[in-house]
1. Looking only at residues that are open to solvent by less than 30 Å² (accessible area, probe 1.4 Å) and of a type in the set (Ser, Thr, Tyr) in the stretch 98-157, which one is farthest from THR86 (Cα to Cα)?
2. Pull out all pairs, ordered by first then second residue, where Cβ-Cβ is under 8 Å, the residues are six or more apart or on different chains, the first lies in the stretch 130-147 and is closer than 15 Å to VAL163 by Cβ and free of Cβ contacts under 8 Å to residues at least 60 places away in the same chain, and the second is basic (Lys, Arg) and crowded, with 24+ Cβ neighbours inside 10 Å.
3. Would you pick out the residues in the stretch 33-65 that are in a helix (DSSP H, G or I) and either buried (at least 17 other Cβ atoms within 10 Å of the Cβ) or in contact with a Phe, Trp or Tyr (Cβ under 8 Å, 6 or more places away or on another chain) (or both)?
4. Quickly run through the stretch 83-132 and pick out the residues that are of a type in the set (A, V, I, L, M) and assigned to a strand (DSSP E or B).
5. List the residue pairs whose Cβ atoms are under 9 Å apart, where the first residue sits in the stretch 25-47 and is more than 12 Å from PRO101 (Cβ to Cβ), the second is hydroxyl-bearing (Ser, Thr, Tyr) and crowded, with 16+ Cβ neighbours inside 10 Å, and the two are 6 or more positions apart or on different chains.
Amino acid sequence: MCPRDRHLYCGAKRVIDFAGAVVLLILLSPLLVIVAVAVAAALGRPVLFTQQRPGARGEVFTILKFRTMRDEDPSRGLLTDAERLTRFGRILRSTSLDELPGLINVIRGEMSFVGPRPLLVRYLDRYDDEQARRHHVRPGVTGLAQTRGRNAASWADRLRWDVEYVDRHSLRLDLAIIWRTVLVVARRSGVSAPGHATVDEFRGDREVAA
């Protein structure tokens with residue numbers, strides 16, 4: 001949803017997203033091939049991780065990422081994220097190289113370069129009305145929450161920042177978020193939630209109240 005005073009920005013944003021993603025996909029294609037080969041060698045196939053995620057208006061799409069974890073294998077004790085996440089996978093996550101296939105989602109119009117990160121489908125019925133407004137815009141490869149603590153921040157803060165982005169989004173803010181994201185990735189900060197190998201579970205009102 002785009003406010004009346006920002007229709008020009010919203011229209012331009014989609015053009016910028018599409019053109020930028022196409023250019024980056026071409027320029028980064030050698031890196032994509034190298035990472036894909038490395039994932040295949042370290043973790044096996046498929047090299048891509050796919051999962052259903054809710055996008056704008058809660059419409060579900062398939063997000064694309066490079067794999068960072070081994071397959072579940074109870075016989076080898078590979079069940080939890082901590083057990084399945086490899087050192088190689090941690091490097092991909094900390095450098096955000098696992099997000100590169102998301103450029104295809106941007107080209108398709110399912111995602112934008114900047115917006116609230118697409119979370120899990122099962123969280124949809126856990127949001128209150130205010131938190132659910134995060135779906136009024138396309139989800140992003142990066143977002144305001146990713147520049148203010150990333151996964152180390154509380155769910156209450158992350159969701160509040162997502163809604164703040166919905167209310168404030170503009171070209172100027174998008175450019176600022178992209179620049180701050182570069183700094184965050186360079187520092188490799190906030191990659192995982194405290195006490196978790198990856199991201200903690202969002203549990204709705206109980207989580208926010210905690």
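1. TYR127
2. Taking only residues 6 or more apart or on different chains, the pairs are ALA145/ARG158.
3. VAL35, ALA36, ALA38, VAL39, ALA42, LEU43, ALA56
4. Correct list: LEU85, VAL114.
5. LEU43/THR68
The values are calculated or read from the model by the stated rules, or taken from the named source; none is laboratory data. Note that this is a predicted model, so its numbers are computed, not measured. Reconstructed Cβ throughout: ideal geometry from the backbone, glycine too, with neighbour counts over all protein chains shown. Protein only, heavy atoms only, side chains kept; ligands, DNA and RNA dropped before computing areas. Shrake-Rupley method; radii C 1.70, N 1.55, O 1.52, S 1.80 Å.
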